[in-house]
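Participant: Would you mind keeping the following structure in view while I ask a few things?
None of the figures in this text is laboratory data; all of them are computed from the coordinates on show. From a predicted model like this one, the values you see are computed outputs, not experimental measurements. For neighbour counting, all protein chains shown are included, and Cβ atoms are generated from backbone atoms with ideal geometry for every residue, glycine included.
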Amino acid sequence: MTIQRFFPPRRILMGPGPSDISSDVLQALSRPTVGHLDPLFIGMMDEVKTLLKYAFQTENDFTIPVSAPGSAGMEACFVNLIEPGDKVIICRNGVFGERMRENAIRSGAEVVLVDDQWGKPVSVDKVAAAFAENTDAKILAFVHAETSTGALSDAQALSKVAKQYDALTIVDAVTSLGGVPLKVDEWQLDAVYSGSQKCLSCVPGLSPVTFSPKAIAKIQARTTPVQSWFLDQSLVLGYWSGEGKRSYHHTAPVNSLYALHEALLGLYNEGLESAWQRHADMHQKLKQGLEELGFKYVVDEACRLPQLNSVYLPEGVEDAKTRQHLLEEYNLEVGGGLGDLAGKVWRIGLMGYSAKSENVALCLKALQETMGK
Ligand SMILES: *Cc1c(COP(=O)(O)O)cnc(C)c1O
């Protein structure tokens, strides 16, 4: 057998996630493992919660990282909030809206779909019309930042409509958290999930979630048990917030949580507003260069994500071959398109630690050379 140790190269990650990880965060990951009920570790967990509350801009007590990737945070929100028979309005304007629909159906929901074209934000008017026809809808679910297309939806306006009908909101903030303004309390969002490997620039595999008191009340009023044992948040709560004493639920991913602590501390020290501004500034720089090279944006300027630049390939640029060249020659990863956009667009990420001048410069230089400009 000739299997040897694996030493990956240091890539520049400018796709739809994971993003570049700073050496501070990588170092935190390699610190000695302690027991997951060690008092020192529990102290660190409390700090992770405090830092997450800051990142989400919320006072919600129930704000924790689920020990699994963003998809598990999504599932946690759906399986906990939905009881069989609940009517749920789902907005679908890309891949992740469709996944929300699948989650809701598996949770036994009666789904009302609001469809928007890929590349467009969720239409607030259509959602208002859907509520007018379904006044008994209990939940509105939508994706804040659709990573499959690069479109940003107006979470505040959508939440306002839901509140008029006394409905709860489930919000996918996997790509938005840390990259664009997200204000959970001010916008009155109820169940919000994110991911560690996008604008937080932490290792993949953790999903920060936050539940409002209203969302917790809906979970506590359930008459049927959550069908997932692992994601049943009423059980997880005993581990993350038992006063003083913590009970065993599952073994926390101790080292990954060191990394999350470090990444969130970095965000706190930089300041959320500064981080949002940095993403916007880097986006402007990249946009200028890309447009000079003939790339055209998929999404209208008003609702474009700075952290996910979705652009049509100029004529003569082959998708897979060129991306492979960028990876091999420049160690640079950019993302391809999904669904109907596959082969036609690239998704160039500027997420978290990847949103910096050196990366923008490298990406533009690599493209200029590759395209012979
Ligand atoms: C990446 C992503 C997810 C899924 O996160 P994973 O960590 O890959 O499971 C969900 N929603 C959106 C909008 C995403 O970009």
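Participant: Once Lys and Arg get +1 and Asp and Glu get -1 on their Cβ, which of 54, 157, 225 lies farthest toward the positive end of the dipole of segment 23-268?
Facilitator: 225
Participant: Quote the relative contact order of segment 23-268 in percent (integer), defining contacts as alpha-carbon pairs under 8 Å separated by 6+ residues. Mind showing how you got there, number by number?
Facilitator: Values: 467 pairs, mean separation 68.5, N = 246.
Result for segment 23-268 is 28 percent.
Participant: Enumerate the amide H contacts of residue 112 below 5 Å, restricted to partners 5 or more residues apart or on another chain; note that Pro and chain-start residues carry no placed amide H.
Facilitator: Those qualifying (amide H under 5 Å, at least 5 residues apart or on another chain) are 88, 89, 90.
Participant: Which shape class, rounded, prolate or oblate, goes with segment 273-353 when its Cα gyration tensor gives a ≥ b ≥ c as root eigenvalues, a/c under 1.5 marks rounded, and past that a/b bigger than b/c marks prolate? Before the final figure, lay out each step's value.
Facilitator: Values: a/c = 1.84, a/b = 1.43, b/c = 1.29.
In terms of gyration-tensor shape, prolate.
Participant: Report, ordered by chain and residue number, the lysines lying within cross-link reach of residue 160, taken as a straight Cα distance under 30 Å and ignoring same-chain residues fewer than 8 apart.
Facilitator: Reachable lysines: 49, 53, 87, 120, 126, 138, 183, 198, 214, 218.
Participant: Once you charge only the Cβ atoms, +1 for Lys and Arg and -1 for Asp and Glu, what is the size of the charge dipole of the chain about its Cα centre, to the nearest 20 debye? Show your work: numbers first, answer last.
Facilitator: Details: 35 positive and 44 negative charges, 91 e Å.
In debye, rounded to 20, the chain gives about 440.
Participant: Any chance you could list P(r) for the chain, counting all Cα-Cα pairs in 20 angstrom bins from zero, rounded to whole %?
Facilitator: It works out to 30, 56, 14, 0, in whole percents.
Participant: Now, a different point. In deg cm²/dmol and to the nearest 500, what is the mean residue ellipticity at 222 nm of the chain if only DSSP H runs of at least 4 residues count, each as -39500 (n - 2.57), divided by the residue total? Write down the numbers at each step before the final one.
Facilitator: Working: 12 runs with 150 residues, N = 373.
Helix contribution divided over all residues of the chain: -12500 deg cm²/dmol.
Participant: Would you please calculate the Kirkwood hydrodynamic radius of segment 1-73 over all C-alpha pairs and express it in Å, rounded to one decimal?
Facilitator: Working: mean 1/r = 0.0638 Å⁻¹.
About 15.7 Å, per the Kirkwood formula over Cα pairs.
Participant: I'd like the GluC sites (Glu not before Pro) in segment 7-75 restricted to DSSP loop residues with at most 15 other Cβ atoms within 10 Å, sorted by number. Don't skip to the answer; put the middle values down first.
Facilitator: Numbers: sites: 47, 59, 75; in loops: 59.
Answer by residue number: 59.
Participant: ³J(HN,Hα) across segment 13-18 via Karplus (A = 6.51, B = -1.76, C = 1.60, θ = phi - 60°), whole Hz, x for Gly/Pro?
Facilitator: These are the phi-based 3J(HN,Hα) values: 9, 10, x, x, x, x Hz.
Participant: Under 16 Å Cα-Cα from residue 163, which aspartates and glutamates qualify once same-chain neighbours fewer than 8 residues away are excluded?
Facilitator: 125, 133, 136, 154, 185, 186, 190
Participant: May I ask you to give the average projected area over all directions of the convex hull of the Cα atoms of segment 1-126, in nm² rounded to one decimal?
Facilitator: On the way: hull surface 52.9 nm².
Hull-based average projected area comes out at 13.2 nm².
Participant: Would you work out which of 184, 64, 169 lies farthest towards the positive end of the dipole of segment 23-268, given +1 charges on the beta-carbon of Lys and Arg and -1 on that of Asp and Glu, about the Cα centre?
Facilitator: 64
Participant: I'd like to know which of 197, 211, 36 lies farthest towards the positive end of the charge dipole of segment 23-268, counting +1 on Cβ of Lys and Arg and -1 on Cβ of Asp and Glu.
Facilitator: The listed residue farthest towards the positive side: 36.
Participant: Hand me the chymotrypsin sites (Phe, Trp or Tyr not before Pro) from segment 135-243 located in a DSSP loop with no more than 12 other Cβ atoms within 10 Å, in residue order please. Walk me through the intermediate numbers first.
Facilitator: Values: sites: 142, 165, 187, 193, 211, 229, 230, 239, 240; in loops: 165, 187, 229, 230.
Passing sites in segment 135-243 are 229.
Participant: Give a residue-ordered list of calculated ³J(HN,Hα) values for segment 109-119 (Karplus: 6.51 cos²θ - 1.76 cosθ + 1.60, θ = phi - 60°; whole Hz; x for Gly, Pro).
Facilitator: Karplus values, whole Hz, x for Gly and Pro: 6, 8, 9, 10, 8, 10, 9, 10, 4, 4, x.
Participant: Long-range amide H contacts for residue 294: which residues qualify at under 5 Å (H placed 1.01 Å from N, peptide plane, sequence gap of 5 or more or a different chain)?
Facilitator: Placed amide hydrogens put nothing under 5 Å from residue 294.
Participant: Gaussian network model of the chain, Cα springs within a sub-10 Å range: biggest mean-square fluctuation belongs to which of 335, 108, 119?
Facilitator: Looking only at 335, 108, 119, the biggest GNM fluctuation is shown by 108.
Participant: Within 10 Å of each candidate Cβ there may be at most 13 other Cβ atoms; applying that plus a DSSP loop requirement, which GluC sites (Glu not before Pro) in segment 242-286 survive? Could the numbers behind the result be given before it?
Facilitator: Values: sites: 243, 262, 270, 273; in loops: 243.
Passing sites in segment 242-286 are 243.
Participant: Would you kindly state how much longer the chain becomes between residue 1 and residue 265 on full extension, computed as 0.36 nm times their sequence separation minus their alpha carbon distance, in nm to one decimal?
Facilitator: Details: separation 264, 0.36 × 264 = 95.04 nm, distance 4.30 nm.
The residue 1-residue 265 span can extend by a further 90.7 nm.
Participant: Whole-Hz Karplus ³J(HN,Hα) for segment 358-373, in order, using 6.51 cos²θ - 1.76 cosθ + 1.60 and θ = phi - 60°, x for Gly and Pro?
Facilitator: So the Karplus estimates, Gly and Pro as x, are 4, 5, 4, 5, 4, 4, 5, 5, 4, 5, 4, 5, 5, 8, x, 9 Hz.
Participant: Please list, ordered by chain and number, the residues whose modelled amide H lies under 5 Å from the amide H of residue 202; skip anything fewer than 5 residues away on the same chain.
Facilitator: 197
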